[in-house]
Amino acid sequence: NVPDDQADKFLLASWGLPKAVLEKYHSLGVVQMFEWQAECLMLGQVLEGKNLVYSAPTSAGKTLVAELLILKRVLETRKKALVILPFVSVAKEKKCYLQ
């Protein structure tokens, strides 16, 4: 569980993302995360590039966790990321979305 003093971690604005990224998420109605999503991002050294394995039902918000991890790592390390998606339609959607 996320301690009360870290409850602001539910807000996307608390994760040091650029204004343009936050505006895009906000335009889609995403202003904060679920508790389990914030917990994933705060586990161990996942923000430093360590592995994370998590499972949730379809449409539960897994993609947001992955996107935030990718965005933070790319912005902080100035390195590229390779995103592998299961379907061409999903790949096209994410390409437009992430641009």
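Only the coordinates and a few stated rules stand behind these numbers; no lab work does. These figures come from a predicted structure and were not determined experimentally. Glycine also receives a Cβ, built like all others from the backbone with ideal geometry; neighbour counts cover every protein chain displayed.
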Simple SL model, points at 7 angstrom along Cα→Cβ for M42 and A91; separation in nm is 3.7
Normalised by the residues of the chain, what does the relative contact order come to in percent, with Cα pairs under 8 Å and at least six apart?
-> 22
Per DSSP H run of at least 4 residues, take -39500 (n - 2.57); add these up for the chain, divide by its residues and hand me the 222 nm value, nearest 500 deg cm²/dmol.
-> -13500 deg cm²/dmol
Hey, what do the phi angles of the stretch 89-99 turn into as Karplus ³J(HN,Hα) couplings, whole Hz, using 6.51/-1.76/1.60 and θ = phi - 60°, x for Gly and Pro?
-> 4, 5, 4, 5, 4, 5, 4, 5, 5, 6, 5
If amide H atoms are built 1.01 Å from N in the plane of the peptide, which residues on other chains or at least 5 residues away come under 5 Å of the amide H of L11?
-> M33
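On average, how much area does the Cα convex hull of the chain cover when viewed from any direction, in nm²?
Details: hull surface 27.3 nm².
Projected area, direction-averaged: 6.8 nm².
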